[in-house]
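**Student:** Quick one: the structure is below, and I'll ask about it shortly.
The values are calculated or read from the model by the stated rules, or taken from the named source; none is laboratory data. In this text, all values refer to a predicted model and were calculated from it rather than measured experimentally. Neighbour counts are summed over all protein chains in view; Cβ atoms, including those assigned to glycine, are modelled from backbone coordinates with ideal geometry.
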Amino acid sequence: MGKFDFETVVERRGTSCVKWDQTGERFGVKDLFPMWVADMDFKAPEAVVQALRERVEHGIYGYTCHPESCWEAVTGWLARRHGWTVPSHGWYVPTPGVVPALATTLLAFTQPGDRIIMQTPVYHPFWWVIESNGRKVSANSMPFDGTRFSLDLEDLERRASDPRAKVLFFCSPHNPSGRVWTKEELSAVADICLRHDLLLVSDEIHADIVYAPNRHIPIATLPGGIAERTITCMAPSKTFNIAGLASSYAVIPNPKTRAVFKAFLHDNLDLSVNVFGITAMEAAYRHGGPWLDALLDVLSGNLEFADRFMRESIPGMRLVKPEGTYIPFVDCRGMGMEPAALQDFLMNRAGVAMNDGTMFGPEGAGFARLNVATPRALLEEGLGRIARAL
């Protein structure tokens with residue numbers, strides 16, 4: 001199996017696992033095989049597990065702060081993996097999650113009725129957090145050429161020029177299209193934000209899951225002043241499969257923006273730190289590099305397997321091959337089913353749970369989202385169910 005084990009199937013049922021224990025509740029159909037939600041079926045790196053064991057043995061789990069060593073680990077990771085030099089601790093604000101950070105931005109920097117721009121189809125909580133807080137979505141729809149989604153910069157410029165537009169929610173790498181934005185695309189987005197005085201909130205939680213030769217570029221690293229207008233939301237949760245430990249952070253270079261953001265969090269949300277979350281985050285960022293490199297090889301192999309399986313055994317279903325993330329779109333339009341019929345087929349005929357593409361926006365009609373971060377045996381089982389049902 002090599003140095004790291006990504007093949008053993010770990011039983012997750014009965015562990016209060018959303019993916020395996022709540023699929024029936026979420027989809028309304030019992031006994032579905034889960035191929036949804038951005039949650040890997042791999043154990044976290046052993047260095048993370050060992051650090052948690054040692055912390056558990058201490059036996060006292062009181063109110064906790066982020067030690068300087070934790071921020072030093074984050075700083076080192078960003079420098080090594082992404083070429084981003086961030087002052088240790090200074091620019092960081094701990095957050096209770098990326099979605100709460102998005103909500104904080106809206107409530108701290110915008111007013112009800114303001115327009116929030118985002119590229120659609122996009123991670124569905126973007127929609128929820130905007131609409132539930134009385135703001136309006138300005139959807140910058142991404143065209144799909146049959147292989148790849150792309151930015152519509154002309155439409156983005158038009159939407160940014162609306163005086164009611166205050167913020168751009170930017171997903172980078174993009175979920176669910178799997179796009180890893182190029183430097184040229186990022187520069188164009190940054191220029192538009194600067195010209196129209198938009199606050200740029202960049203969700204970069206999938207920054208570490210990128211396949212060669214693509215490279216993630218934090219948009220705040222671009223020249224020209226965009227860092228001063230950017231709130232970058234990051235976490236080790238997707239990278240190391242530790243989402244249940246609720247450890248995330250925002251990187252905010254502008255001191256005034258950082259102060260407002262931090263004060264709103266302090267006044268309206270509990271900033272208590274999860275003692276195990278910071279333990280896992282520091283261990284992952286200090287020691288998780290080799291594990292991540294091995295994981296990326298496994299994910300690349302799973303993507304190739306899924307692509308080949310669909311072409312050979314599932315007529316009308318095609319993988320939208322991602323440049324990053326492990327939850328790519330699958331183009332099912334060739335199956336000739338309307339979105340509701342497609343979901344009915346997947347659940348009630350094939351017995352699998354995949355995210356309906358329409359939950360990410362109208363551009364997702366005819367698509368489904370697939371999680372490939374699972375042992376090959378489970379991926380083959382899920383795809384096999386679809387092939388047999390078809």
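**Student:** In the range 355-377, what residues are in contact with a helix residue (DSSP H, G or I) (Cβ under 8 Å, 6 or more places away or on another chain), more than 17 Å from residue 143 (Cα to Cα), in contact (Cβ under 8 Å) with a residue 60 or more places away in the chain and not in a loop (DSSP other than H, G, I, E, B)?
**Tutor:** 369, 376
**Student:** Additional query: Would you pick out the residues in the range 299-324 that are β-branched (Val, Ile, Thr) and touching a helix residue (DSSP H, G or I) at 6+ places or on another chain (Cβ under 8 Å)?
**Tutor:** If the condition is that a residue be β-branched (Val, Ile, Thr) and touching a helix residue (DSSP H, G or I) at 6+ places or on another chain (Cβ under 8 Å), then 314 is the only one that fits.
**Student:** Condition check: of a type outside the set (Ser, Thr, Tyr) and either within 19 Å of the chain's Cα centre (by Cα) or crowded, with 21+ Cβ neighbours inside 10 Å (or both). Does residue 170 satisfy that?
**Tutor:** Working: of a type outside the set (Ser, Thr, Tyr): yes; either within 19 Å of the chain's Cα centre (by Cα) or crowded, with 21+ Cβ neighbours inside 10 Å (or both): yes.
Taking the combined requirement at face value, the residue satisfies it.
**Student:** Considering each of 259, 294, 263 in turn, give the residue that is modelled with pLDDT under 95, out of contact with any helix residue (DSSP H, G or I) (no Cβ under 7 Å at 6 or more places or on another chain), on the phi < 0 side of the Ramachandran plot and not polar (S, T, N, Q).
**Tutor:** Matching residue, one of 259, 294, 263: 263.
**Student:** So, one more: Residues that are touching a residue at least 24 places away in the same chain (Cβ under 8 Å) and surrounded by 14 or more Cβ atoms within 10 Å (Cβ to Cβ), at least 3 per element: which helices (runs of 4 or more DSSP H) completely within the range 1-98 meet that?
**Tutor:** So the answer is 23-27, 46-58, 68-82.
**Student:** Report the residue count in the range 183-209 for those that are surrounded by fewer than 21 Cβ atoms within 10 Å (Cβ to Cβ) and under 25 Å from residue 372 (Cβ atoms).
**Tutor:** Summing the residues that are surrounded by fewer than 21 Cβ atoms within 10 Å (Cβ to Cβ) and under 25 Å from residue 372 (Cβ atoms) in the range 183-209 gives 1.
**Student:** Suppose we filter 315, 375 for residues that are over 22 Å from residue 174 (Cβ atoms), within 25 Å of the chain's Cα centre (by Cα) and not polar (S, T, N, Q); which single one remains?
**Tutor:** Among 315, 375, only 375 is over 22 Å from residue 174 (Cβ atoms), within 25 Å of the chain's Cα centre (by Cα) and not polar (S, T, N, Q).
**Student:** Within the range 25-37, does at least one residue satisfy the condition of being closer than 21 Å to residue 236 by Cα and assigned by TED's automatic domain parsing to the domain that holds residue 375?
**Tutor:** Our first condition is that a residue be closer than 21 Å to residue 236 by Cα; within the range 25-37, this holds for 36-37.
The next check asks that each one be assigned by TED's automatic domain parsing to the domain that holds residue 375; those that pass are 36-37.
Yes: the range 25-37 contains one or more residues that are closer than 21 Å to residue 236 by Cα and assigned by TED's automatic domain parsing to the domain that holds residue 375.
**Student:** Could you check residue 223 against (1) closer than 21 Å to residue 180 by Cα; (2) free of Cβ contacts under 8 Å to residues at least 60 places away in the same chain; (3) outside any loop (DSSP other than H, G, I, E, B) and say which number it fails?
**Tutor:** Unmet condition: (3).
**Student:** Of all residues in the range 53-85, how many are hydrophobic (A, V, I, L, M, F, W, C) and in contact with a helix residue (DSSP H, G or I) (Cβ under 6 Å, 6 or more places away or on another chain)? Don't jump to the end; show me each part of the working.
**Tutor:** Applying the first criterion (hydrophobic (A, V, I, L, M, F, W, C)) to the range 53-85 yields 56, 60, 65, 70-71, 73-74, 77-79, 84.
In the following step, the residues that additionally are in contact with a helix residue (DSSP H, G or I) (Cβ under 6 Å, 6 or more places away or on another chain) were identified as 70, 73-74, 77, 84.
The qualifying residues number 5.
**Student:** Applying the selection to the range 269-300, what residues are under 21 Å from the mean Cα position of the chain (by Cα) and outside any helix (DSSP H, G or I)?
**Tutor:** Within the range 269-300, 274, 288 meet the criteria.
**Student:** Sort out which residues of the range 136-181 are closer than 14 Å to residue 322 by Cα and among the small types (Gly, Ala, Ser), and write them in order of number.
**Tutor:** 146, 150, 172, 177, 178
**Student:** So, one more: Considering each residue of the range 301-345, count those that are in a helix (DSSP H, G or I), under 20 Å from residue 214 (Cα atoms) and either not assigned by TED's automatic domain parsing to the domain that holds residue 377 or not hydrophobic (A, V, I, L, M, F, W, C) (or both), and give that number.
**Tutor:** 4
**Student:** Additional query: Just to be sure, is residue 212 in a loop (DSSP other than H, G, I, E, B), over 18 Å from residue 361 (Cα atoms) and either modelled with pLDDT under 95 or not aromatic (Phe, Trp, Tyr) (or both)?
**Tutor:** yes
Results for (1) closer than 30 Å to residue 260 by Cα; (2) assigned to a loop (DSSP other than H, G, I, E, B); (3) out of contact with any Cys (no Cβ under 8 Å at 6 or more places or on another chain); (4) in contact (Cβ under 8 Å) with a residue 24 or more places away in the chain, shown as yes or no for each residue.
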{"site": "129", "(1), (2), (3), (4)": "yes, no, yes, yes"}
{"site": "137", "(1), (2), (3), (4)": "yes, no, yes, no"}
{"site": "140", "(1), (2), (3), (4)": "yes, no, yes, no"}
{"site": "157", "(1), (2), (3), (4)": "yes, no, yes, yes"}
{"site": "173", "(1), (2), (3), (4)": "yes, yes, yes, yes"}
{"site": "187", "(1), (2), (3), (4)": "yes, no, yes, yes"}
{"site": "200", "(1), (2), (3), (4)": "yes, no, no, yes"}
{"site": "207", "(1), (2), (3), (4)": "yes, yes, yes, yes"}
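**Student:** Hey, does the range 113-131 have a residue that's touching a Pro at 6+ places or on another chain (Cβ under 6 Å), within 24 Å of residue 218 (Cβ to Cβ) and in the same structural domain as residue 225 (by TED's automatic domain parsing)?
**Tutor:** no
**Student:** If you don't mind, there's one more thing I want to ask. Here are 98, 122, 74: which of them is within 20 Å of the chain's Cα centre (by Cα) and more than 29 Å from residue 320 (Cα to Cα)?
**Tutor:** Checking each option against the conditions leaves just 74.
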